[in-house]
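Undergrad: My structure is below; once you've seen it, I'll send some questions.
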Amino acid sequence: RLGIAMYGLHPSGEKPAPADFRAALSWKAVLSHVKTVPPGSGISYGHIYVTRGRERIGTVPVGYADGLRRLEGNIALVHGRRVPVVGRVCMDQIMLQLDDVPEAAPGDEVVLIGQQGEERITAEEVAAIWRTINYEVVCAIGARVPRVYLKHPQENKTPPAG
């Protein structure tokens, strides 16, 4: 399946990917807000997540309208550390539990798929959380998510309009 191979992803979960396959896609966003909330604070719609103590919660402007599934268990990377998505995934935003990343601040990069520092979240890992296949994960990333095409590591090129 050449389509999935263009992303550097293996088309079959049954066989390991060839050693020379490298993921060619990452999904990134930025922290838009960080706030310390008191114990007992309900996070997001329906308050399905309630803070146990004082917690640092970050908001990221990515949601199900962008292709992120509303299932529990979503994760992200901030400063090279894994953090959980807490509360419900909203149409336009998610909340992250940032207690393990005290230096996190608005404007910091958030990685949903890809590598940051020594840590990586793969499309296959997201597919396991979503109980699907890697192809569905990358196809789910919506048109609202900007695309940046890299020819060389130091050169960015955005697609032409229209």
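Undergrad: What number of residues in the range 58-90 are buried (at least 16 other Cβ atoms within 10 Å of the Cβ), among the hydrophobic types (A, V, I, L, M, F, W, C) and closer than 20 Å to Gln116 by Cβ?
TA: Matching residues across the range 58-90 total 9.
Undergrad: Please verify whether the range 44-51 includes one or more residues that are part of a strand (DSSP E or B) and modelled with pLDDT of 95 or more.
TA: Of the range 44-51, the ones part of a strand (DSSP E or B) are 49-50.
Filter once more, so that each one left must be modelled with pLDDT of 95 or more: 49-50.
Yes - at least one qualifying residue is present in the range 44-51.
Undergrad: Going by what's in this entry, would Arg56 be described as among the basic types (Lys, Arg), touching a residue at least 40 places away in the same chain (Cβ under 8 Å) and in contact with a strand residue (DSSP E or B) (Cβ under 7 Å, 6 or more places away or on another chain)?
TA: Criteria met by Arg56.
Each row is one residue, and each column tells you yes or no for (1) outside any loop (DSSP other than H, G, I, E, B); (2) touching a Phe, Trp or Tyr at 6+ places or on another chain (Cβ under 7 Å).
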position: Ala65; (1), (2): yes, no
position: Leu77; (1), (2): yes, no
position: Asp92; (1), (2): no, no
position: Leu96; (1), (2): yes, no
position: Asp100; (1), (2): no, no
position: Val111; (1), (2): yes, no
position: Gly114; (1), (2): yes, yes
position: Arg120; (1), (2): yes, no
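Undergrad: Considering each of Val85, Val50 in turn, give the residue that is over 15 Å from Val110 (Cβ atoms) and free of Cβ contacts under 8 Å to residues at least 40 places away in the same chain.
TA: Only one candidate passes the filter, namely Val50.
Undergrad: Tell me, yes or no, whether the range 24-39 has at least one residue that is modelled with pLDDT of 90 or more and touching a helix residue (DSSP H, G or I) at 6+ places or on another chain (Cβ under 8 Å).
TA: Checked the range 24-39: no residue is modelled with pLDDT of 90 or more and touching a helix residue (DSSP H, G or I) at 6+ places or on another chain (Cβ under 8 Å).
The values are calculated or read from the model by the stated rules, or taken from the named source; none is laboratory data. Nothing here was measured: the structure is a model prediction, and the numbers come from that model. FYI the Cβ positions are ideal-geometry reconstructions off the backbone, even for glycines, and counts take in every protein chain you see.
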